[in-house]
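Reading through the C-alpha cells given below for one structure.
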Amino acid sequence: MTANHDEAPILEALARYHDADQLGFTPPGHKQARGADPRARAVLGDAVFLGDVLANGGLDDRHARNRVLERAEDLMADAVRAEHTYFSTCGSSLSVKAAMLAVTCPVHRMLVGRDAHKSVIAGLILSGVEPVWVDPQWDADRHLAHPPSATAYDEAFTAHPDADGALVTSPTPYGAAADLTAIAEVCHRRGKPLVVDEAWGAHLPFHDELPSWAMDAGADICVTSIHKMGSGLEQGSVFHLQGDLIDPVELASRADLLGTTSPNVLIYAGIDAWRRQMVQHGHELMGQALELAARTRKAIENIEGFHVNDADDFCGPALAADFDPLPVVIDTTGLGTSGYRAADWLRANHHIDIHLNDHRRIGAQLTHADDEETAERLVTALGDLAAHAAELGNAPAVFVPPPSDLRLEQVRLPRDAYFDRHTDVPVAEAPGRIAAEMITPYPPGIPVALPGERLTKPVLEYLTTGVRAGMFLPDAADRNLDTVRVVAEDTNH
C-alpha cells in the first residue's frame, strides 16, 4: 500500500484531541495549561502546554488501537528508505545505546571508532561491552580527526573476529563523512552488523549533493538527531533498521529498556512534521540551503584572517571520504586568536551563538531554516570580529600533541574503571594513573580520556592548556582540571 505522506498522524491526533474537548484526569498535572504558572505561560505560550498530552490514554487510547505513533514511524521509514523506524524523545544519546545493545551484550566485543561521541562511551559503561577501538584518520596539520577508514575496520575485525559488530560516526560535527558503503561491506562480508551514529545527518536522505545516507550505504542501524539538522525539537531522535542481522523486536525492546515511560508528545509531533515537510519540500529546501551555504562560505573566505574549510581540506587519501558543506567550519588562526575567544566575542558583541569551537576553529551550522538575512548577519558579525581581532589579544596557546601521543592505552574496561573505587589526584600526579571518568571537550563531545585508559603527560597537558584557553569540560569532576578522578591504586578488583 502506497504511503500517504500528506498525513501527519501525531499532529492530526493532537488536533482531534482538542476538537473533541478531551478532558483528562491523568498526567500531565498542568491539565492543558490551566494549572500552569501564568508567568510560565507568558514566556512559553499556551501552545506548549496544549500539545503536552499523555501518549496512550490521551493522544491515543490506552491500547494504542489507533496506531498513531506506529503509523508515524512507518511513514518515516518509507520517507528515508528504511525497513523499520523508531522514535525517541530522549535524543540520540539514548538511541545509540539501544542500537549498541541490540548488536552486542555484556563481556562481548564491539568495534567502535575512537572519535565516538560521549553517549557511545556511556553505552559501553552501562553495558560492560569491551570496545575494540578503531583509530580515526588524523590530519596532523589541522589537528583534526576524520572517521576511520574501511581498511581500519577490516584490520580490527581480522584481529578480533569475535567482535559482534561495528559502530562508526558519520558525518562528524565538522561535516567529514566516512566511506559507509565500504565499511558496511567489511561488516557484511563477516555477517556482522554496522551501526552508524549519524546524529548530524538528518538532512542527508533528501538531496543527492549531500553525503550518502547510511541506509542507502547499507548500514544495518542508523541513529539520527532530528533536532540537529532538521526541524524537530531538542531531544527528537529516530533510529532506523534494515536487513536481517538485527531482530526489530529486539531493537524495540532495548529502546524500551532505556527509554522513558512518559514520552513527550511535542517531540513526537516535531519528528512527524519534519518527515512530512521533507517528503513534500525537502529537495527544494536542501537545495536552497546548499546554495546559501556556498555563497556564505565564499563571503566568509573573503574576510581577511579567515579560512573556510572545504572538501579540499577535509577529503582525500587518509582523510575523510566525503564532506557536508552545511556545517561552515572556519579556521581562525589567521586572526591570531582561538575559536574559544572568537565564539565568546560573537556572543557578547553580536548575540550570535556559534555551535562549534575549538582551539583554532569555529563552526556556524547552516540549515534549511537559514536565509539571506541570517547569513548576512553572520557574515557581518564575522567581518566585525576580524576588524577587532587585535583587541582579543594573543589567545593562550593550546598544546596539541601528535596523534601517537593523543591515543591512550585502554587497560581496563570502561565499566570496570568507572564503577571501581576512585580518588581525585592533582593533575601533576595523574600521568600513569587509570582514568575513572570521561574528560570531554564540549562541543563537539568526543572524549579525550575515558574510564579505563592510562593517562599520559601529553594528553593532560593538552587538556590543561585547553582549559586555560577556554575549553569546556562538562563531565570532568573538576572542570578546571586542577585534579583528575582516577582509579584508586589499592583496589583489589
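The values are calculated or read from the model by the stated rules, or taken from the named source; none is laboratory data. All values derive from a computational prediction rather than experimental measurement. Note that each Cβ is placed from the backbone with ideal geometry, even for glycine, and that neighbours are counted across all protein chains shown. These accessible areas exclude ligands, DNA and RNA; they are computed on the full protein's heavy atoms, side chains included. Shrake-Rupley method; radii C 1.70, N 1.55, O 1.52, S 1.80 Å.
Quick grid of which residues meet (1) part of a loop (DSSP other than H, G, I, E, B); (2) at positive phi; (3) at pLDDT below 95; (4) of a type outside the set (Gly, Ala, Ser):
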residue	(1), (2), (3), (4)
Gln235	yes, yes, yes, yes
Ile246	yes, no, no, yes
Ser262	yes, no, yes, no
Glu284	no, no, no, yes
Glu291	no, no, no, yes
Discussion item. If I ask for residues that are under 19 Å from Leu54 (Cα atoms) and not in a loop (DSSP other than H, G, I, E, B), which ones from region 264-274 would you list?
Written reply: Val265, Leu266, Ile267, Tyr268, Ala269, Gly270, Ile271, Asp272, Ala273
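Is it true that some residue in region 312-330 is farther than 30 Å from Ala182 by Cα, in contact with an Asp or Glu (Cβ under 9 Å, 6 or more places away or on another chain) and either assigned to a helix (DSSP H, G or I) or modelled with pLDDT of 95 or more (or both)?
Checking region 312-330: not a single residue is farther than 30 Å from Ala182 by Cα, in contact with an Asp or Glu (Cβ under 9 Å, 6 or more places away or on another chain) and either assigned to a helix (DSSP H, G or I) or modelled with pLDDT of 95 or more (or both).
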Worksheet entry | Single condition Asn394 does not satisfy, out of (1) open to solvent by less than 80 Å² (accessible area, probe 1.4 Å); (2) of a type outside the set (Lys, Arg); (3) farther than 30 Å from Glu130 by Cα; (4) outside any helix (DSSP H, G or I) | (1)
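Taking Pro171 as the residue in question, decide whether it is modelled with pLDDT of 95 or more, of a type outside the set (D, E, K, R), outside any strand (DSSP E or B) and in contact with a Phe, Trp or Tyr (Cβ under 6 Å, 6 or more places away or on another chain).
Working: modelled with pLDDT of 95 or more: yes; of a type outside the set (D, E, K, R): yes; outside any strand (DSSP E or B): yes; in contact with a Phe, Trp or Tyr (Cβ under 6 Å, 6 or more places away or on another chain): yes.
Here the answer is yes, as Pro171 does meet what is asked.
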Practice prompt. Mind listing just one residue for me: the one in region 89-123 that is open to solvent by less than 20 Å² (accessible area, probe 1.4 Å) and in contact with a His (Cβ under 9 Å, 6 or more places away or on another chain) and, of those, farthest from Ile246 (Cα to Cα)?
Written response: Asp115
Worksheet item: Hey, does region 50-62 have a residue that's touching a strand residue (DSSP E or B) at 6+ places or on another chain (Cβ under 8 Å) and at pLDDT below 95?
Response: yes
Worksheet item: Which of the residues spanning region 130-157 are within 21 Å of the chain's Cα centre (by Cα) and part of a loop (DSSP other than H, G, I, E, B)?
Response: Asp135, Pro136, His143, Pro147, Pro148, Ser149
Fill in: Within region 124-148, tally of residues that are of a type in the set (D, E, K, R) and buried (at least 20 other Cβ atoms within 10 Å of the Cβ)
1
Worksheet item: Which ones in region 311-340 are among the polar types (S, T, N, Q) and open to solvent by less than 20 Å² (accessible area, probe 1.4 Å)?
Response: Thr332, Thr337, Ser338
Practice prompt. Only residues in region 403-423 that are more than 8 Å from Gly452 (Cβ to Cβ) count as the first member; pair them with residues that are of a type in the set (A, V, I, L, M, F, W, C) and open to solvent by 50 Å² or more (accessible area, probe 1.4 Å), Cβ under 7 angstrom, at least 6 apart or cross-chain, and list the lot.
Written response: Pro403/Trp138; Pro403/Ala140
Worksheet item: Just wondering, is there one or more residues in region 252-260 that are open to solvent by less than 50 Å² (accessible area, probe 1.4 Å) and assigned to a helix (DSSP H, G or I)?
Response: yes
Practice prompt. Six or more apart or on different chains, Cβ under 9 Å: which pairs go from a residue in region 127-150 that's on the phi > 0 side of the Ramachandran plot to one that's of a type outside the set (Ser, Thr, Tyr) and open to solvent by less than 10 Å² (accessible area, probe 1.4 Å)? Could you list them?
Written response: Gly128/Pro414
Fill in: Hits in region 346-373 - residues which are loosely packed, with under 13 Cβ neighbours inside 10 Å and in contact (Cβ under 8 Å) with a residue 40 or more places away in the chain
Ala369, Asp371, Glu372
Discussion item. Among the listed residues Thr337, Thr260, Thr332, Thr296, identify the single one that is in contact (Cβ under 8 Å) with a residue 24 or more places away in the chain and closer than 30 Å to Leu126 by Cα.
Written reply: Thr260
Worksheet item: How many residues does region 8-47 contain that are open to solvent by less than 50 Å² (accessible area, probe 1.4 Å), in a loop (DSSP other than H, G, I, E, B), of a type in the set (Gly, Ala, Ser) and farther than 17 Å from Asp272 by Cα?
Response: 4
Practice prompt. State all residues of region 55-68 that are within 13 Å of Leu23 (Cα to Cα) and crowded, with 18+ Cβ neighbours inside 10 Å; if no residue qualifies, say none.
Written response: Gly58, Leu59
Worksheet item: Which ones in region 293-311 are in contact with a strand residue (DSSP E or B) (Cβ under 7 Å, 6 or more places away or on another chain), assigned to a helix (DSSP H, G or I) and not acidic (Asp, Glu)?
Response: Ala293, Thr296, Arg297, Ile300, Ala311
